[in-house]
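Reading through the structure tokens given below for one structure.
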Amino acid sequence: MPNPIILLLADDDKDDCLFFKDALAELPITADLTTVHDGEKLMQLLGDEKIVPPLPHVLFLDINMPRKNGFECLADIKNDEKLKGLPIIIFSTSYEQDVVNLLYKNGAQHYIRKPANFSQLKKVIYQALLLATQDETPQPLKENFVLKGDIEAP
């Protein structure tokens, strides 16, 4: 895993952002986390030449955000030559199989349904980071797309 891991979290729910930050702080990794609260801000940040490069190692992307939703951001990122290699992990409260299938088809790396339990959140973030920061990781097989936090964080 790179040290530090540069992470970007796009989520309009400020409580979920704090929950994520707290979980990340308890993991045995060094991470630099930036958060944005809507899709327009995300795309502005990723398009800002003063900030990018370097790209974050991983983007955690909520689906339901104001101004520009996660579907639109995913499509914009995957259609941008400079951004398309960015691993994107969908991080959402909802879970509908048709939506998950579409996100997989559109190039997301993994899908996480936000757990309500803090311990489970730590596990699933750790699992996502292990998988997404492996060198040249291709998109997984469809049956491995949804992460459930099966890996214990040390």
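Residues that are touching a Gly at 6+ places or on another chain (Cβ under 9 Å): find the helices (runs of 4 or more DSSP H) completely inside the range 8-78 holding 1 or more of those.
Fully inside the range 8-78 and qualifying: 39-47, 70-78.
In the list 111, 104, which residue meets the criterion of being farther than 23 Å from residue 21 by Cα and modelled with pLDDT of 85 or more?
104
Among the residues of the range 77-100, which ones are out of contact with any Lys or Arg (no Cβ under 8 Å at 6 or more places or on another chain) and either farther than 20 Å from residue 143 by Cα or not β-branched (Val, Ile, Thr) (or both)?
Hits for the range 77-100 are 79, 80, 81, 82, 83, 85, 86, 87, 96, 97, 98.
Step by step: first the residues of the range 51-85, then only those that are open to solvent by 70 Å² or more (accessible area, probe 1.4 Å) and at pLDDT 90 or above, then the one that is farthest from residue 126 (Cα to Cα). Which residue is that?
By that ranking, first place goes to 79.
Take residue 120 and decide whether it is among the polar types (S, T, N, Q) and either in contact with a Gly (Cβ under 7 Å, 6 or more places away or on another chain) or modelled with pLDDT under 90 (or both).
Spelling it out, residue 120 is indeed among the polar types (S, T, N, Q) and either in contact with a Gly (Cβ under 7 Å, 6 or more places away or on another chain) or modelled with pLDDT under 90 (or both).
How many residues, within the range 86-122, are of a type outside the set (S, T, N, Q), in a helix (DSSP H, G or I) and open to solvent by 40 Å² or more (accessible area, probe 1.4 Å)?
6
The values are calculated or read from the model by the stated rules, or taken from the named source; none is laboratory data. Everything numeric in this text was worked out from a predicted model, so none of it was measured. All Cβ positions, glycine included, derive from the backbone under ideal geometry; neighbour counts span all protein chains shown. Side chains included, ligands, DNA and RNA excluded: accessible areas come from the protein's heavy atoms. Shrake-Rupley method; radii C 1.70, N 1.55, O 1.52, S 1.80 Å.
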